[in-house]
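J.: Before anything else, here's the structure in question.
The values are calculated or read from the model by the stated rules, or taken from the named source; none is laboratory data. Here the structure is a predicted model, which means the values were calculated and not measured. Quick reminder, even Gly has a Cβ in these numbers, built from the backbone with ideal geometry, and neighbours come from all protein chains shown. Each accessible area value is taken on the protein alone, full model and side chains, heavy atoms only, with ligands, DNA and RNA left out. Shrake-Rupley method; radii C 1.70, N 1.55, O 1.52, S 1.80 Å.
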Amino acid sequence: MICQVNMVTYYTVTVPGAWLTLLYIKLVGKDDESKRTLLFSFWGFVNFFLGRAKTTTFSVKQPVSLGELRVIELDKRSLFCGWPAWFVSKVEIKVETPPEGPEGEVYLFPIYRWIADGQPHLFREAKAWTQEADALLLSQYGRKKELKQRKRDYQWDDYVEGVPHCMDSSNPLDLPAEVKFSYTKYTTLVYTLATSLVQLNLQGVSTSKDTWMNIEEIAKVWGSTTGGFWLFQLLFRFVIWLFPLFATKGTAHRDGTRCSVREYVQEHWTEDAFFGYQYLNGVNPILIRRCNALPDNFPVTNDMLSLPNGRSLEEEMEKGNIFLLDYKNLDLDEFGFVANIIDGEQQYLAAPLVLLHSTSDDKLMPIAIQLKQKESKDNPIFLPTDSKYDWLLAKIYVRSADFTEHQLNVHLLRTHLLAEVFAVSLLRNVPMVHPLYKLLIPHTRYTLQINNLARGFLISEKGFFNDNASSGGQALDPVLQKSMDSLTYSSLCPPDDIKERGVDSVPGYYYRDDALQLWPIIHRYVEGIIRYYYKTDAEVQKDNELQKWIKDIFKHGFHSNASSGVPQSLSSVDELMKFVTMVIFTGSAQHAAVNSGQFDYSGWMPNAPSTLRRPPPTTKGSSSESTMLETLPNVGTTAQGMAVTWTLSKKPTDFVQLGHHREEHFSEENPRKVIERFQAELAKCSVAIHDRNKSLEVPYTYMDPKLVENSVSI
């Protein structure tokens, strides 16, 4: 309860509970500051000291008003237990001032971090301040102190030469507490990884080096993964009932459609129409581009093709009906490297060129496939008119190449690694009080730790790629480095990218449709926040913290490559808004588009083999079912690939939907209203996508805002 006596001002301080802890606070206002004060009231102190309540309220009395509160200084003294960490979500302070002043004003101090030592820590009120507008001397001191510590905590490292830098941390346990997984997230992820083969009923075949006897044998194992062992499922449900901590909310199929997509892939993977469909709405929907002229190294002639109505290839290109897939990033011959060696056996990775034709009935059909980049006599162009297994095997080599292109370029490089660059640069250069920090910090949640784990378990010397993918071993680094050549600013912005690739009018391109819905929604959200704090271009130009942020991204994310088109500095409000929109889109919608469908499209191994055991055919007419089975991954590699894609596709346990925040960083009314409008627009978009999907044979759900997470967290 707030009391007032004469001219005395009372500040009611609400803080999270702690355990065996004494808490001291100093209040700093625009006009004055309080002394360092022990927070004490008998029952409040008892509740706080014993950690019996989620929040505890104390009263601080001041002889005069401090004016508008700007900063608090917290420090704690823990008894008997050394310095146990104390997680502080936020501190709320309600002010009762003299009669002539405002009454009952409430100040919010967002913190959302652990305090593990006995040192004083400065925290700012939730109102956002750019550096230039934040004139209070102590405020400027606090900004500098915070960033100085951040630069020590978040340092750059060069994990693979020539690709975006990452945070310098070899062990996820060494990460600062504020960016680590929650206990629930960590426990359920470990549990999921540890039991993936069991839950998929694959533990009996995961180490087998046998060749598959036939496709039906693969289907038999694949079918058993749908239900798994009934006894295990029963036990798993019992564990969840006893220990909600282990409940993985992502075990349900997304919107009820995942199982149907999986089954559709298994049933239709050999069909040309489905082969083409995947380049519009599968897990790699950004490779396809309109072909206006054939590449010099892809000598397809009209004599090879049978196009409708006797049209020539040139006529169809002129009409905009011919599209190209070019896997030049995978041309290991150019680097002098070979594909991976697994269990002593050489593996193979093709670098295909593929022509697709958009037909009058809105299908996208493959019409020519060349498996190597360099034209030669032993590099035939495969056609739909070839024998069944010549054509099917050619498509398998393309789909295997797409597995690598998707995983290393589209997924790892363009979402995970870039999201880490955006996050580390933000944490190093932008203080918590800055509007950009408040806007972007929800979109960095768990990114640093999931990337740390990926470097340890997926792309390390003993990781999945090294043990189970043709692009592992000495092939991995060159593929990543070559992929950097195609990493441009425009390719990260869907409106620009779709226009540049010439795919703005391809029918049935739901990735494009949903991306072009979400991009302006996110942009309007960013605009609402940014324009509230930056009225002129000059304010953007003068913001040193903002400029250091973009400079770090340009340097550490794009290696100061001006040809990437990434800005080296920000000169206008419009430029800032577009870049921030790209950052949010990349870490949320784009990641969902290329991550969530992995098990749907890659779980059925023949549709996306992680590796191939025979070199690309050099002649036609020699392929058979036996050839195909000897080319496909062995039984154990298949099982490992299914387990990994299943794990990576699962909806995170503590999923946070795009546009929704578990933390309060903004206190002003305007930004809060902008966030509400953003959520309303996303909800409307979700309904539209859901309604469209009702009529689709294969629903496209991956960019439904209801199913898109705020950040790269898996």
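J.: If we keep just the residues of region 182-201 that are under 26 Å from residue 425 (Cα atoms) and open to solvent by 20 Å² or more (accessible area, probe 1.4 Å), which is modelled with the highest pLDDT?
T.: Step by step, filter region 182-201, then rank; the result is 182.
J.: Is there any pair with a first residue in region 291-309 that is farther than 21 Å from residue 503 by Cβ and hydrophobic (A, V, I, L, M, F, W, C) and a second that is in a loop (DSSP other than H, G, I, E, B) and open to solvent by less than 50 Å² (accessible area, probe 1.4 Å) whose Cβ atoms are under 9 Å apart and which are 6 or more apart or on different chains, and what are they?
T.: Close Cβ pairs satisfying both conditions: 304/383; 305/312; 305/383.
J.: How many residues does region 657-714 hold that are among the charged types (D, E, K, R), within 24 Å of residue 419 (Cβ to Cβ), modelled with pLDDT of 95 or more and open to solvent by 10 Å² or more (accessible area, probe 1.4 Å)?
T.: The qualifying residues number 3.
J.: Taking region 47-85 as the search range and keeping residues that are among the basic types (Lys, Arg), farther than 16 Å from residue 10 by Cα and modelled with pLDDT of 60 or more, which one is most open to solvent (accessible area, probe 1.4 Å)?
T.: It comes out as 54.
J.: Name the residue, out of 429, 409, 379, that is over 22 Å from residue 165 (Cβ atoms) and either in contact (Cβ under 8 Å) with a residue 24 or more places away in the chain or open to solvent by 10 Å² or more (accessible area, probe 1.4 Å) (or both).
T.: Exactly one of 429, 409, 379 is over 22 Å from residue 165 (Cβ atoms) and either in contact (Cβ under 8 Å) with a residue 24 or more places away in the chain or open to solvent by 10 Å² or more (accessible area, probe 1.4 Å) (or both), namely 379.
J.: Tell me, please, whether a residue that is aliphatic (A, V, I, L, M) and closer than 24 Å to residue 597 by Cα can be found in region 301-323.
T.: No, region 301-323 contains no residue that is aliphatic (A, V, I, L, M) and closer than 24 Å to residue 597 by Cα.
J.: Can you tell me how many residues within region 486-527 are open to solvent by 10 Å² or more (accessible area, probe 1.4 Å), of a type in the set (Ser, Thr, Tyr) and not in a loop (DSSP other than H, G, I, E, B)?
T.: 4
J.: Inspect region 91-109 for any residue being in contact with a strand residue (DSSP E or B) (Cβ under 8 Å, 6 or more places away or on another chain), under 30 Å from residue 475 (Cβ atoms) and part of a loop (DSSP other than H, G, I, E, B) and give the result as yes or no.
T.: Within region 91-109, not a single residue is in contact with a strand residue (DSSP E or B) (Cβ under 8 Å, 6 or more places away or on another chain), under 30 Å from residue 475 (Cβ atoms) and part of a loop (DSSP other than H, G, I, E, B).
J.: Same structure again: Got a sec? Which of 349, 324, 371 is under 30 Å from the mean Cα position of the chain (by Cα) and buried (at least 23 other Cβ atoms within 10 Å of the Cβ)?
T.: Unique residue meeting the criteria: 349.
J.: If you don't mind, there's one more thing I want to ask. Being over 20 Å from the mean Cα position of the chain (by Cα), of a type in the set (A, V, I, L, M) and under 14 Å from residue 451 (Cα atoms) is the filter here; which residues of region 130-180 pass it?
T.: Scanning region 130-180 gives a single hit, 173.
J.: Right, here's the next one. In region 629-646, what residues are surrounded by 23 or more Cβ atoms within 10 Å (Cβ to Cβ) and either within 30 Å of residue 684 (Cα to Cα) or without any contact (Cβ under 8 Å) to a residue 60 or more places away in the chain (or both)?
T.: 645 - this is the single residue of region 629-646 that is surrounded by 23 or more Cβ atoms within 10 Å (Cβ to Cβ) and either within 30 Å of residue 684 (Cα to Cα) or without any contact (Cβ under 8 Å) to a residue 60 or more places away in the chain (or both).
J.: Of the conditions (1) surrounded by fewer than 16 Cβ atoms within 10 Å (Cβ to Cβ); (2) touching a Leu at 6+ places or on another chain (Cβ under 7 Å), residue 530 satisfies every one except a single condition; which number is it?
T.: Unmet condition: (1).
J.: A further question follows. Could you please let me know if residue 483 is in a helix (DSSP H, G or I), surrounded by fewer than 19 Cβ atoms within 10 Å (Cβ to Cβ), modelled with pLDDT of 95 or more and in contact with a helix residue (DSSP H, G or I) (Cβ under 8 Å, 6 or more places away or on another chain)?
T.: When the stated conditions are applied, residue 483 does not pass them.
J.: Closer than 30 Å to residue 481 by Cβ and either open to solvent by 60 Å² or more (accessible area, probe 1.4 Å) or assigned to a helix (DSSP H, G or I) (or both), is that true of residue 555?
T.: yes
J.: Continuing with the same structure: Which of the numbered conditions does residue 113 fail, given that it passes all the others? Conditions: (1) modelled with pLDDT under 90; (2) of a type outside the set (Ser, Thr, Tyr); (3) touching a strand residue (DSSP E or B) at 6+ places or on another chain (Cβ under 6 Å).
T.: The single condition residue 113 does not satisfy is (3).
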